[in-house]
Amino acid sequence: MHSGALEFHASGGMVTLTAGDILLVPPRKLQAFRSTNMQTGYTLLCLNPSLFSFSPSHFFIREFWQPLQNGQLRLPQLLHPGESLHGAILTQMQRLDVKKEGTANYTMELVNIAMNICTALFPYCTRGEADPELVGSDGQSVSQKCMQYIRNHYQEKITLEDIAHYVHLH
């Protein structure tokens, strides 16, 4: 958060973010943000696993993204200024420069920033059992099932409701 305040709603709970806070949101959880005033300024960075396809090492996919996607790896949620992890992430976020977008090295710079953020996050994550809402009895994650449905029906008109019904999120 740069300025102002935001209410973040997820999993039946609410957190208020103020200037300087960093919020880490786990994948595939219903969530909503609501600004509490007109002067709210924030940066939203969404990390996509496809960024890591550029990595020569599959460590992040195997040890970070897959466990994160199936709920086995849990992120710390709210980071305040002064915490060491907050500082590490903020340093990487400050490397983002919108003016560089579209340049030849921009994608690789994003990958480097994303990997540095994940490296900083990894020691602060906790491990647990897979979340049954995210991984079915067949071992496939919700995102894998969604991709399977899209691959099998790409020539048809697909709606969000079709996919939600297929993965039992309706």
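The values are calculated or read from the model by the stated rules, or taken from the named source; none is laboratory data. Predicted, not measured: the structure shown is a model, and the values here were computed from it. Virtual Cβ from ideal backbone geometry, glycine too; neighbours counted across all protein chains shown. To get the accessible areas, we keep the full protein, side chains included, count just its heavy atoms, and leave off ligands, DNA and RNA. Shrake-Rupley method; radii C 1.70, N 1.55, O 1.52, S 1.80 Å.
Below are the figures for this structure:
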read-out	value
Accessible area of residue 14 in the full protein assembly, 1.4 Å probe (Å², nearest 10)	100 Å²
Solvent-accessible ranking of 64, 33, largest area first, probe 1.4 Å	33, 64
Ranked by how many other beta carbons lie within 10 Å on average, peptides 110-120, 84-94 from highest	110-120, 84-94
Gain on full stretching of the segment that runs from residue 147 to residue 44 - 0.36 nm per residue minus C-alpha separation	34.6 nm
